[in-house]
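First the structure, in the form of C-alpha coordinates, and then the observations on it.
The values are calculated or read from the model by the stated rules, or taken from the named source; none is laboratory data. Owing to the predicted nature of the structure, the values given are computational and were not obtained by experimental measurement. Neighbour counts run over all protein chains shown; Cβ positions are idealised from the backbone, glycine included. The area values use the complete protein model at the heavy-atom level, side chains included, leaving out ligands, DNA and RNA. Shrake-Rupley method; radii C 1.70, N 1.55, O 1.52, S 1.80 Å.
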Amino acid sequence: EAGVAQSPRYKIIEKRQSVAFWCNPISGHATLYWYQQILGQGPKLLIQFQNNGVVDDSQLPKDRFSAERLKGVDSTLKIQPAKLEDSAVYLCASTLPGSYNEQFFGPGTRLTVL
Amino acid sequence: SQQGEEDPQALSIQEGENATMNCSYKTSINNLQWYRQNSGRGLVHLILIRSNEREKHSGRLRVTLDTSKKSSSLLITASRAADTASYFCATIHSGGGADGLTFGKGTHLIIQP
(Lines give C-alpha, C1' and ligand atoms only; values in the text may rest on other atoms or scores of the structure.)
Protein backbone atom coordinates (compact mmCIF):
# COMPACT_ATOMS: atom_id res chain seq x y z
CA GLU A 1 0.00 0.00 0.00
CA ALA A 2 1.41 3.38 -0.99
CA GLY A 3 1.93 5.80 1.86
CA VAL A 4 1.22 9.51 2.17
CA ALA A 5 3.18 11.41 -0.47
CA GLN A 6 4.48 14.93 0.00
CA SER A 7 6.46 17.30 -2.18
CA PRO A 8 8.80 18.98 -2.26
CA ARG A 9 10.94 17.34 0.42
CA TYR A 10 13.01 20.46 0.99
CA LYS A 11 12.45 24.13 0.27
CA ILE A 12 14.56 27.19 0.97
CA ILE A 13 13.05 30.64 0.49
CA GLU A 14 13.64 34.18 1.66
CA LYS A 15 11.28 35.92 4.05
CA ARG A 16 8.27 37.55 2.46
CA GLN A 17 8.30 35.03 -0.41
CA SER A 18 5.49 32.56 -1.01
CA VAL A 19 5.66 28.77 -0.87
CA ALA A 20 3.29 25.88 -1.45
CA PHE A 21 3.37 22.27 -0.27
CA TRP A 22 1.50 19.36 -1.79
CA CYS A 23 0.12 16.23 -0.18
CA ASN A 24 -1.44 13.09 -1.64
CA PRO A 25 -3.05 10.95 1.09
CA ILE A 26 -3.48 7.19 1.20
CA SER A 27 -6.19 6.10 -1.20
CA GLY A 28 -9.58 5.97 0.50
CA HIS A 29 -8.61 8.13 3.47
CA ALA A 30 -11.24 10.81 3.77
CA THR A 31 -9.56 12.69 6.60
CA LEU A 32 -6.42 14.72 5.98
CA TYR A 33 -4.35 16.83 8.37
CA TRP A 34 -1.52 19.32 8.09
CA TYR A 35 0.89 19.66 11.02
CA GLN A 36 3.79 22.03 11.62
CA GLN A 37 6.81 20.67 13.50
CA ILE A 38 9.37 23.18 14.70
CA LEU A 39 12.80 21.77 15.56
CA GLY A 40 12.85 20.21 19.01
CA GLN A 41 9.06 20.20 19.41
CA GLY A 42 6.19 17.87 18.69
CA PRO A 43 3.97 18.41 15.66
CA LYS A 44 1.25 21.04 15.98
CA LEU A 45 -2.04 20.67 14.12
CA LEU A 46 -2.72 23.39 11.56
CA ILE A 47 -5.85 22.15 9.80
CA GLN A 48 -8.07 19.08 9.43
CA PHE A 49 -10.13 18.22 6.34
CA GLN A 50 -12.94 15.70 6.04
CA ASN A 51 -13.25 15.07 2.30
CA ASN A 52 -13.11 18.62 0.89
CA GLY A 53 -14.54 20.36 3.94
CA VAL A 54 -12.61 21.98 6.80
CA VAL A 55 -13.28 20.38 10.20
CA ASP A 56 -10.80 22.36 12.30
CA ASP A 57 -8.57 25.28 11.35
CA SER A 58 -8.48 26.97 14.75
CA GLN A 59 -4.66 26.90 14.90
CA LEU A 60 -4.01 27.97 11.32
CA PRO A 61 -2.52 31.51 11.10
CA LYS A 62 -5.05 32.61 8.53
CA ASP A 63 -3.39 35.93 7.80
CA ARG A 64 -0.59 34.10 5.99
CA PHE A 65 -1.48 30.40 5.76
CA SER A 66 -4.13 28.85 3.54
CA ALA A 67 -4.99 25.29 2.63
CA GLU A 68 -7.37 23.61 0.26
CA ARG A 69 -8.53 20.15 -0.70
CA LEU A 70 -10.75 20.93 -3.64
CA LYS A 71 -11.61 17.43 -4.88
CA GLY A 72 -11.36 15.72 -1.52
CA VAL A 73 -8.11 13.93 -2.36
CA ASP A 74 -4.90 15.96 -2.78
CA SER A 75 -4.27 18.98 -0.62
CA THR A 76 -2.12 22.10 -0.88
CA LEU A 77 -0.83 24.24 2.00
CA LYS A 78 0.38 27.73 1.15
CA ILE A 79 2.29 30.35 3.09
CA GLN A 80 2.20 33.92 1.83
CA PRO A 81 4.27 35.84 2.86
CA ALA A 82 6.68 33.63 4.79
CA LYS A 83 8.34 34.71 8.03
CA LEU A 84 11.53 33.44 9.66
CA GLU A 85 9.49 31.67 12.34
CA ASP A 86 7.78 29.55 9.68
CA SER A 87 10.96 27.49 9.32
CA ALA A 88 9.78 23.99 10.23
CA VAL A 89 8.85 20.60 8.84
CA TYR A 90 5.32 20.49 7.44
CA LEU A 91 3.76 17.08 7.86
CA CYS A 92 0.69 15.76 6.11
CA ALA A 93 -1.25 12.87 7.62
CA SER A 94 -4.31 10.93 6.57
CA THR A 95 -6.68 8.45 8.16
CA LEU A 96 -10.04 6.82 7.88
CA PRO A 97 -12.81 8.85 9.56
CA GLY A 98 -13.13 8.43 13.33
CA SER A 99 -11.06 9.22 16.39
CA TYR A 100 -9.79 5.69 17.04
CA ASN A 101 -7.81 5.26 13.87
CA GLU A 102 -4.09 5.73 13.62
CA GLN A 103 -2.86 8.58 11.51
CA PHE A 104 -0.41 7.84 8.71
CA PHE A 105 2.20 10.54 8.19
CA GLY A 106 4.07 11.55 5.10
CA PRO A 107 7.82 12.23 5.09
CA GLY A 108 7.28 15.96 5.45
CA THR A 109 8.56 19.08 3.72
CA ARG A 110 11.44 20.83 5.46
CA LEU A 111 11.06 24.59 4.97
CA THR A 112 13.90 27.00 5.69
CA VAL A 113 13.10 30.72 5.59
CA LEU A 114 16.16 32.98 5.33
CA SER B 1 -0.16 24.97 22.52
CA GLN B 2 1.24 21.55 23.44
CA GLN B 3 -1.17 19.39 25.40
CA GLY B 4 1.23 16.84 26.77
CA GLU B 5 4.58 16.86 28.40
CA GLU B 6 6.88 13.88 28.13
CA ASP B 7 9.35 12.97 30.82
CA PRO B 8 12.28 12.63 30.59
CA GLN B 9 13.22 14.87 27.68
CA ALA B 10 16.15 12.59 26.90
CA LEU B 11 17.04 9.05 27.94
CA SER B 12 20.14 6.98 27.20
CA ILE B 13 20.26 3.28 28.11
CA GLN B 14 22.18 0.14 27.19
CA GLU B 15 20.85 -2.26 24.61
CA GLY B 16 18.74 -4.94 26.26
CA GLU B 17 17.56 -2.70 29.10
CA ASN B 18 14.00 -1.48 29.48
CA ALA B 19 13.04 2.12 28.70
CA THR B 20 10.17 3.95 30.38
CA MET B 21 8.76 7.26 29.21
CA ASN B 22 6.00 9.24 30.85
CA CYS B 23 3.45 11.65 29.48
CA SER B 24 1.11 14.07 31.24
CA TYR B 25 -1.77 15.92 29.64
CA LYS B 26 -4.17 18.65 30.69
CA THR B 27 -7.71 18.12 29.44
CA SER B 28 -10.16 15.23 29.13
CA ILE B 29 -9.27 12.89 26.30
CA ASN B 30 -10.96 10.50 23.93
CA ASN B 31 -7.83 8.42 23.49
CA LEU B 32 -4.04 8.66 23.82
CA GLN B 33 -1.57 7.49 21.22
CA TRP B 34 2.19 7.02 21.13
CA TYR B 35 4.25 7.75 18.04
CA ARG B 36 7.90 7.22 17.17
CA GLN B 37 9.93 9.49 14.94
CA ASN B 38 13.33 8.84 13.45
CA SER B 39 15.10 10.08 10.38
CA GLY B 40 14.69 6.80 8.55
CA ARG B 41 10.96 6.14 8.83
CA GLY B 42 9.47 9.50 9.82
CA LEU B 43 6.56 9.63 12.28
CA VAL B 44 5.00 6.23 12.89
CA HIS B 45 2.05 5.19 15.06
CA LEU B 46 2.94 2.69 17.80
CA ILE B 47 -0.11 2.11 19.96
CA LEU B 48 -3.47 3.62 20.92
CA ILE B 49 -5.16 3.36 24.30
CA ARG B 50 -8.75 4.44 24.81
CA SER B 51 -9.84 6.56 27.75
CA ASN B 52 -11.68 3.59 29.32
CA GLU B 53 -8.63 1.31 29.14
CA ARG B 54 -5.89 1.12 31.76
CA GLU B 55 -3.22 -0.96 30.07
CA LYS B 56 -2.39 -2.21 26.62
CA HIS B 57 0.36 -4.36 25.16
CA SER B 58 1.80 -4.64 21.67
CA GLY B 59 4.91 -6.76 21.19
CA ARG B 60 7.65 -5.21 23.33
CA LEU B 61 5.50 -2.18 24.13
CA ARG B 62 3.36 -1.69 27.21
CA VAL B 63 1.25 1.41 27.68
CA THR B 64 -0.63 2.45 30.80
CA LEU B 65 -3.18 5.20 31.21
CA ASP B 66 -4.34 6.86 34.42
CA THR B 67 -7.10 9.30 33.57
CA SER B 68 -7.43 10.43 37.21
CA LYS B 69 -3.84 11.65 37.10
CA LYS B 70 -3.98 12.60 33.43
CA SER B 71 -0.87 10.59 32.73
CA SER B 72 0.40 7.73 30.60
CA SER B 73 3.57 5.70 30.41
CA LEU B 74 5.26 3.80 27.61
CA LEU B 75 7.52 0.88 28.45
CA ILE B 76 9.81 -0.62 25.83
CA THR B 77 11.26 -3.92 26.98
CA ALA B 78 14.53 -5.50 25.82
CA SER B 79 15.56 -2.38 23.91
CA ARG B 80 17.39 -2.59 20.58
CA ALA B 81 19.58 -0.13 18.71
CA ALA B 82 16.74 0.33 16.23
CA ASP B 83 14.58 1.76 19.03
CA THR B 84 16.72 4.90 19.02
CA ALA B 85 14.23 7.64 18.14
CA SER B 86 12.05 10.38 19.55
CA TYR B 87 8.83 9.21 21.18
CA PHE B 88 5.73 11.38 21.39
CA CYS B 89 2.47 10.98 23.19
CA ALA B 90 -0.51 12.49 21.41
CA THR B 91 -4.06 13.01 22.56
CA ILE B 92 -7.44 13.56 21.00
CA HIS B 93 -9.78 15.71 23.03
CA SER B 94 -13.14 14.30 23.99
CA GLY B 95 -16.17 15.90 22.42
CA GLY B 96 -16.61 17.60 19.07
CA GLY B 97 -15.92 16.28 15.62
CA ALA B 98 -12.33 17.43 15.36
CA ASP B 99 -9.82 14.69 16.04
CA GLY B 100 -6.49 16.22 15.21
CA LEU B 101 -3.70 15.06 17.50
CA THR B 102 -2.16 17.26 20.19
CA PHE B 103 1.45 16.19 20.67
CA GLY B 104 3.86 16.61 23.56
CA LYS B 105 7.44 17.72 23.10
CA GLY B 106 8.78 14.17 23.01
CA THR B 107 11.39 12.00 24.70
CA HIS B 108 14.60 11.43 22.78
CA LEU B 109 15.71 7.84 23.42
CA ILE B 110 19.22 6.65 22.66
CA ILE B 111 20.07 2.96 22.85
CA GLN B 112 23.78 2.38 23.40
CA PRO B 113 25.13 -0.83 21.81
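Share of antiparallel DSSP beta bridges in chain B, in percent to the nearest 5?
Here the share of antiparallel DSSP bridges comes out near 90 percent.
Which whole-number percent is the relative contact order of the stretch B:5-112 (Cα, under 8 Å, 6+ apart)?
38 percent.
Could you tell me what percent of the DSSP beta bridges with both partners in the protein assembly as shown are antiparallel, to the nearest 5?
Bridges in the protein assembly as shown that DSSP calls antiparallel: roughly 90 percent.
Scan around B:Gly100 for amide H atoms under 5 Å from its own, H built in the peptide plane at 1.01 Å from N, and keep only partners 5 or more places away or cross-chain.
Those qualifying (amide H under 5 Å, at least 5 residues apart or on another chain) number zero.
Which residue, chosen from B:Ile13, B:Ala81, B:Gly104, occupies the Cα position most advanced towards the positive end of the dipole of the stretch B:5-112, where the dipole is computed from +1 (Lys, Arg) and -1 (Asp, Glu) charges on Cβ about the Cα centre?
Most positive-ward Cα: B:Gly104.
Using only atoms on other chains, find how many Cβ atoms lie within 10 Å of each Cβ of peptide A:101-113 and report the average.
3
Which GluC sites (Glu not before Pro) in the stretch A:1-106 sit in a loop by DSSP (not H, G, I, E or B) and have at most 12 other Cβ atoms within 10 Å of their own Cβ?
Counting only loop positions with at most 12 other Cβ atoms within 10 Å, the GluC sites (Glu not before Pro) in the stretch A:1-106 are A:Glu1, A:Glu14.
Which residues make up the longest stretch of chain B that has no GluC sites (Glu not before Pro) in a DSSP loop with at most 14 other Cβ atoms within 10 Å?
Answer - B:54-113.
List the lysines whose Cα lies under 29 Å from the Cα of B:Lys26, skipping any in the same chain that are fewer than 8 positions away.
Qualifying lysines at Cα under 29 Å: A:Lys44, A:Lys62, B:Lys56, B:Lys69, B:Lys70, B:Lys105.
Before anything else, pin down the relative contact order of the stretch B:3-59: Cα pairs under 8 Å, at least 6 apart, normalised by residue count, whole percent.
26 percent.
Determine the total buried accessible area between chain A and chain B, counting protein heavy atoms only with a 1.4 Å probe; round to the nearest 100 Å².
So the buried area, both faces added, is about 1700 Å².
What is the mean number of Cβ atoms from other protein chains located within 10 Å of the Cβ atom of each residue in peptide A:82-95, rounded to a whole number?
Across the residues of A:82-95, the mean count of other-chain Cβ atoms within 10 Å is 1.
From the Cα gyration tensor of the stretch A:68-107, with a ≥ b ≥ c the square roots of its eigenvalues, which class applies: rounded if a/c is under 1.5, or else prolate if a/b is larger than b/c, or else oblate?
It is oblate, given that a/c is not under 1.5 and a/b is not larger than b/c.
Enumerate the amide H contacts of A:Ser87 below 5 Å, restricted to partners 5 or more residues apart or on another chain; note that Pro and chain-start residues carry no placed amide H.
Close amide H contacts, sequence-distant or interchain: A:Val113.
Averaged over peptide A:34-46, how many Cβ atoms belonging to another chain are found within 10 Å of each residue's Cβ?
Going residue by residue through A:34-46 and averaging, the value is 5.
Output the relative contact order of chain A, whole-number percent, from Cα pairs under 8 angstrom with separation of 6+ residues.
37
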